[in-house]
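The values are calculated or read from the model by the stated rules, or taken from the named source; none is laboratory data. Just so it is clear, the model here is predicted, and its values are computed rather than measured. Because the Cβ atoms are built from the backbone with ideal geometry, glycine has one as well, and the counts that use them run over all protein chains shown. For the accessible areas, the whole protein counts, side chains as well, though only heavy atoms, and no ligand, DNA or RNA atoms are used. Shrake-Rupley method; radii C 1.70, N 1.55, O 1.52, S 1.80 Å.
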Amino acid sequence: MEADDRTPSHLPETEGRFPAARDDEADQAPADLIEQVLAVCEQHYAAVTGTGPEQWDRESALEIVDAALRTVRPADYGSYPQALEAYLHGHRVRLERL
């Protein structure tokens, strides 16, 4: 093993890396969480872009949300929508510049 491949002893094994994506459908995020996250994303998309719901591409967003939620530990599902909301709110000015 090369030095770059080792995790420093003071860090947890997964720190700084995404957890492995879950392939099993049973490990998929609950449907209500997916809907909550989609709603948060749609709301902020509309606010940042100044567009209406007709511009929102739900299919693309669903794929992205599904991929993102695969990196979230099930123990963190309950707080994820609020954390996402806080992040998007806190970075709105930066998002508007994109």
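Picking from residues in region 50-63 that are in contact with a helix residue (DSSP H, G or I) (Cβ under 8 Å, 6 or more places away or on another chain) and more than 18 Å from residue 37 (Cβ to Cβ), the one that is most open to solvent (accessible area, probe 1.4 Å) is 55. Residues that are under 13 Å from residue 41 (Cβ atoms) and open to solvent by 90 Å² or more (accessible area, probe 1.4 Å) were ranked within region 64-91; the one that is modelled with the lowest pLDDT is 89. Is it true that residue 4 is open to solvent by 80 Å² or more (accessible area, probe 1.4 Å), acidic (Asp, Glu), at pLDDT 90 or above and over 11 Å from the mean Cα position of the chain (by Cα)? So residue 4 does not fit the description; no.
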